[in-house]
Amino acid sequence: MDTSSSAAFPLHVAIIMDGNGRWAAARNLPRSLGHREGVKAVRRVVECAPDLGVGVLTLFAFSVDNWRRPRREVGVIMELMADYLRSETDRCVEKGVRVTVLGCTQGIAPNLQTAIREAQARTARGTALWLRVAFNYSSRDAILSAAARFRRDRDRSKAAFSKLLAQDGERTAPDVDLLIRTGGEKRLSDFLLWEAAYAELHFTDVMWPEFGEEDLTSALDDFRGRERRFGCVGKAAVGATEAVPAGALAWLE
Ligand code: IPE
Ligand code: IPE
Ligand code: MG
């Protein structure tokens, strides 16, 4: 198993885009305007991500628990998602951005379901960036559903389960390398619990509507300065440890 992030393994960045409501409240604006500004931040990040070396970008846009919010707010988020997909698809095709949506389509308005299908179909050939939007998403629901399918699978390895969870058509998303949460909270809120097992975590107080290229660059700089160990010993300790018995790490391959 290659534990480094190299060109052969596209860097997977996942973002919990939090803080839209507080950004708006701090300006005496309705929360819906925070969500509207949040869409602009999505555009900025999608635009700069490929140049910053990001190959897969998973954005948390709406959780299954977000249905608990006031109906009007939920309605605004649904509309913004449909508008985003409709207005950005041409640009995504032009820029080679492949868009897929993860989450449950049940309960989502038919017009949004159509927008999702069209965006996915039209951008399917993009190779510059794989943009995965988690919408009406719950990681625990995704794990439960994959587990039900896994029971019928002959291969019972962790790798096989990961594939089941992250596969979309012919492609499988790699595990998350860097997980960013904006808005100052330090929790995962049911996002990519399996896929982020060894992700580096980056929490920032920047509210999502203000997030941009500089913030993504500094999160990536922070990530690149970290030493990922995957349970092994750190570089500083190499040489000071016992040799690993042959075959002991075979399961890592
Ligand atoms: C994130 O911002 C967007 C969604 C969850 C849909 P919030 O709306 O959660 O913003 P805060 O956390 O209330 O500031
Ligand atoms: C997580 O944010 C969901 C999204 C960013 C879409 P929340 O604002 O819903 O999370 P909690 O409620 O603070 O945990
Ligand atoms: Mg929030």
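If you go through the stretch 171-185 and pick out every residue that is under 24 Å from residue 67 (Cβ atoms) and part of a loop (DSSP other than H, G, I, E, B), you end up with 4. Scanning the stretch 195-218 for residues that are within 10 Å of residue 181 (Cα to Cα) and more than 16 Å from ligand 3 (Cβ to nearest atom), we see that the one that is surrounded by the most Cβ atoms within 10 Å (Cβ to Cβ) is 202. Check the stretch 224-231 and report whether any residue there is without any contact (Cβ under 8 Å) to a residue 12 or more places away in the chain and either closer than 22 Å to residue 19 by Cα or not charged (D, E, K, R) (or both). Yes, that holds for at least one residue.
Evaluation of residue 229 against the conditions (1) farther than 15 Å from residue 11 by Cα; (2) within 16 Å of ligand 2 (Cβ to nearest atom) shows that the sole unmet condition is (2). Determine whether residue 124 is in contact with a strand residue (DSSP E or B) (Cβ under 8 Å, 6 or more places away or on another chain) and under 19 Å from residue 13 (Cα atoms). So residue 124 does not fit the description; no.
Looking only at residues in the stretch 14-25 that are within 9 Å of ligand 1 (Cβ to nearest atom) and among the hydrophobic types (A, V, I, L, M, F, W, C), the one that is nearest to residue 181 (Cα to Cα) is 16. Considering the stretch 151-175, and only residues there that are touching a Phe, Trp or Tyr at 6+ places or on another chain (Cβ under 8 Å) and closer than 18 Å to residue 103 by Cα, the residue that is surrounded by the most Cβ atoms within 10 Å (Cβ to Cβ) turns out to be 173.
Table: residues versus (1) closer than 28 Å to residue 77 by Cα; (2) modelled with pLDDT of 95 or more.
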residue	(1), (2)
115	yes, yes
134	yes, yes
150	no, no
163	no, no
170	no, no
184	yes, yes
198	no, yes
226	no, yes
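In the stretch 42-69, the residues that are closer than 19 Å to residue 177 by Cα form Cβ pairs under 6 Å with partners that are among the charged types (D, E, K, R) and more than 8 Å from ligand 2 (Cβ to nearest atom), at six or more places apart or across chains, as follows: 48/213; 58/132. A Cβ distance below 9 Å, combined with a sequence gap of six or more or placement on separate chains, defines the contacts here; from the stretch 140-152, residues that are closer than 11 Å to residue 165 by Cα and among the polar types (S, T, N, Q) reach residues that are modelled with pLDDT of 90 or more and part of a helix (DSSP H, G or I) in the pairs 145/165.
The values are calculated or read from the model by the stated rules, or taken from the named source; none is laboratory data. As the structure is a computational prediction, the values presented were derived from the model and not from experiment. Note that we place each Cβ from the backbone using ideal geometry, even for glycine, and neighbour counts take in every protein chain shown.
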